[in-house]
Amino acid sequence: MLGIIAGILTSASMVPQLVKVLKEKNVEDLSWIMLLVLISGVSLWVWYGIMKEEWPIILSNAFSVLLNGTLLICYFIYKK
């Protein structure tokens, strides 16, 4: 249960940033390198979760990959 709660909270932590970017169409304060490193890290967590057959790890980190991937796409769409 603790792992599920932790996964939900950490995965949802970027939702406010994504909402702000989508509303304002401004990505000046985002670092695409940070997003790329973060996506790489959570992708490795997904892989680890698959190897261990741990669904909380897989699902929370897959959601994080999707969320941060969307932010990275927004970065390249909205950069000036």
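The values are calculated or read from the model by the stated rules, or taken from the named source; none is laboratory data. Since the structure is predicted, the reported quantities are computational estimates derived from the model, not experimental observations. So basically every Cβ, Gly included, is an ideal-geometry build from the backbone, and we count neighbours across all protein chains shown. When the accessible area is computed, the model is the full protein with side chains, heavy atoms only, and any ligands, DNA or RNA have been set aside. Shrake-Rupley method; radii C 1.70, N 1.55, O 1.52, S 1.80 Å.
How large is the accessible surface per residue of the chain, computed with a 1.4 Å probe and reported in Å² as a whole number? Walk me through the numbers on the way to the answer.
Values: 5670 Å² over 80 residues.
That works out to 71 Å² for each residue.
Just one of (i) 1.48; (ii) 1.15; (iii) 1.55 is Cα Rg over 2.2 N^0.38 Å as worked out from the coordinates here. Which one is it?
(ii)
Fully extended, how many nm does the chain gain between residue 5 and residue 48 (0.36 nm per residue separation, minus their Cα-Cα distance)? All intermediate terms of the calculation are to be shown ahead of the outcome.
Working: separation 43, 0.36 × 43 = 15.48 nm, distance 1.86 nm.
Contour length minus the Cα-Cα distance gives 13.6 nm.
Kindly report, to the nearest 10 Å², the accessible surface of residue 31 as traced by a 1.4 Å probe over protein heavy atoms only.
My reading of the accessible area for residue 31 is about 50 Å².
In the chain, carbon and sulfur make up what percent of the accessible area (probe 1.4 Å)? List each step's numbers first, then the result.
Details: 4040 of 5670 Å².
With neighbouring chains kept in place, the figure for the chain is 71 percent.
Can you tell me the dipole magnitude for the chain around its Cα centre, using point charges on the Cβ only (Lys, Arg +1; Asp, Glu -1), in Debye to the nearest 20?
On the way: 6 positive and 5 negative charges, 57 e Å.
Charge dipole of the chain: 280 debye, to the nearest 20.
Filter the DSSP H helices in the chain by two things, a Kyte-Doolittle mean of at least -0.5 and an axial alpha-carbon span of 24 angstrom or more, and list the hits by number. Don't skip to the answer; put the middle values down first.
On the way: long enough: 32-52 (30 Å, 1.66); 55-78 (34 Å, 1.51).
Span-like helices, by this rule, are 32-52, 55-78.
Report, ordered by chain and residue number, the lysines lying within cross-link reach of residue 79, taken as a straight Cα distance under 26 Å and ignoring same-chain residues fewer than 8 apart.
Correct list for residue 79: 20, 23, 25.
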